[in-house]
Amino acid sequence: MPILKRANRRDAAAYCRPMPLTASVFQSMLGADVAISVAPPAIVTDRLFPEERQYISGAVEKRQAEFGTARLCARQALAQLGVAPCSLVPYPDRSPRWPPGISGTISHTTGCCVVAVANVRHFAGLGLDVETDTALQRSLESAICTDQERAWLDRCGDADGGRLGKLFFCAKEAIYKCQYATTQVLIGFQDVEIEIDLDAGTFSVIRLKCTGVKWDFASRITGRFRRDAGFLIAAATLTAEPETRRGAGRW
Ligand SMILES: CC(C)(COP(=O)(O)OP(=O)(O)OC[C@H]1O[C@@H](n2cnc3c(N)ncnc32)[C@H](O)[C@@H]1OP(=O)(O)O)[C@@H](O)C(=O)NCCC(=O)NCCS
């Protein structure tokens, strides 16, 4: 009996504490063709490649922890695809630099760092954004959302206390990361209009900044969102063209 009592106390404590996000949460959103690694940010400087250490040496401790943990997560996720450990210093524009044949995405926030990677035969782009699941300041809504999106928010009312505004922010950050590998263009919040299906937990692109072959392709980005453990997660994917996908195995 004492053992049972102790276990119950432990269970109660675990219930009150927010649970960390696990890879399975992201896997359920991105599917089996994507390799994922998740960890809480920590200082791991001694486990970085010299050029990565050099890249981040001048940053504040929080940024060092996020950057370093992201590199370790990336190597773990890449190992699942059979990719040997390699240095992952970002491009000068801060976008992630992946080994040839790989697309991927990184996000970090307080308590969570996540990396997702896939073979380019499966995905031309991936985009993840993780935010704390809190309301967006009302004053920011007009900067984040287009007129159409704000009309939709108005129709939804205030049932969620402003958290739907944050969902637009999170989804657009994920879309931004996902489209970048194809377009290499910095887009703003007003340059993309999205539609959210609250029941299905999905979002899709209605309009993107420009027209042209690359943009037509990037506008095929679709996404899923999920709330878990006090976090809001948006995952955007751009499936590879059929001719690229041909012959692709799991990885
Ligand atoms: C890049 C950006 C989206 C990062 O978002 P964030 O909330 O600051 O941070 P996150 O932790 O979610 O993501 C950080 C990761 O984004 C990735 N990233 C940076 N620039 C990127 C780009 N151009 N394309 C894809 N990924 C990029 C990096 O891998 C970075 O991780 P790292 O620094 O450890 O390598 C954001 O800072 C930015 O520059 N936004 C400008 C564009 C924008 O927001 N447009 C509106 C949406 S459409």
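Just so you know, all these numbers are worked out from the coordinates, no wet-lab data involved. Note that this is a predicted model, so its numbers are computed, not measured. No Cβ is skipped: glycine too gets one built from the backbone with ideal geometry, and neighbour counts run over all protein chains shown.
With a ≥ b ≥ c taken as the square roots of the eigenvalues of the C-alpha gyration tensor of the range 126-197, please select rounded if a/c is under 1.5 and otherwise prolate if a/b is larger than b/c or oblate if it is not? It is prolate, given that a/c is not under 1.5 and a/b is the larger ratio. Using the Karplus relation 6.51 cos²θ - 1.76 cosθ + 1.60 with θ = phi - 60°, the per-residue 3J(HN,Hα) values for the range 126-142 come to 9, x, 10, 9, 10, 10, 5, 7, 10, 6, 7, 4, 3, 5, 8, 4, 6 Hz, with x marking Gly and Pro. The relative contact order of the chain comes to 19 percent, based on Cα pairs under 8 Å that sit 6 or more residues apart. Each helix, a run of at least 4 DSSP H residues, gives -39500 (n - 2.57); summed and divided by the residues of the chain, these come to -11500 deg cm²/dmol at 222 nm. Label point of ILE206 set 7 angstrom out along Cα-Cβ; within the range 116-143, amide nitrogens under 18 Å from it belong to 141-143. Magnitude of the charge dipole for the chain, about its Cα centre and with charges confined to Cβ atoms of Lys, Arg (+1) and Asp, Glu (-1), is about 880 debye. When the Cα gyration tensor is reduced to axis lengths a ≥ b ≥ c, the ratio a/c is 1.5 or higher for the range 27-92, and with a/b above b/c it is classed as prolate. Counting charges near SER219 (Lys, Arg +1; Asp, Glu -1) among other residues having Cβ under 15 Å from its Cβ returns a value of 0. Charge tally around GLU193: other residues with Cβ under 12 Å, Lys/Arg +1 each, Asp/Glu -1 each, net 0. Seen from GLU52, the other residues with C-beta closer than 12 Å to its C-beta sum to a net charge of +3, counting Lys and Arg as +1 and Asp and Glu as -1.
If R0 is taken as 51 Å, the Cβ-Cβ distance between THR134 and GLU243 corresponds to a FRET efficiency of 0.75. Cα centroids of the range 45-100 and the range 164-205: 25 Å apart.
According to the square roots a ≥ b ≥ c of the eigenvalues of the Cα gyration tensor, what is the shape class of the range 164-251, taking rounded for a/c under 1.5, prolate for a/b larger than b/c otherwise, and oblate for the remainder?
Taking the square roots of the gyration eigenvalues as a ≥ b ≥ c, the range 164-251 is oblate.
Across all directions, the average flat footprint of the convex hull enclosing the Cα atoms of the chain is 16.9 nm². Comparing SER37, SER142, SER107, which has the greatest mean-square fluctuation in the GNM of the chain with Cα pairs linked when under 10 Å apart? Of SER37, SER142, SER107, the most mobile in the Gaussian network model is SER142.
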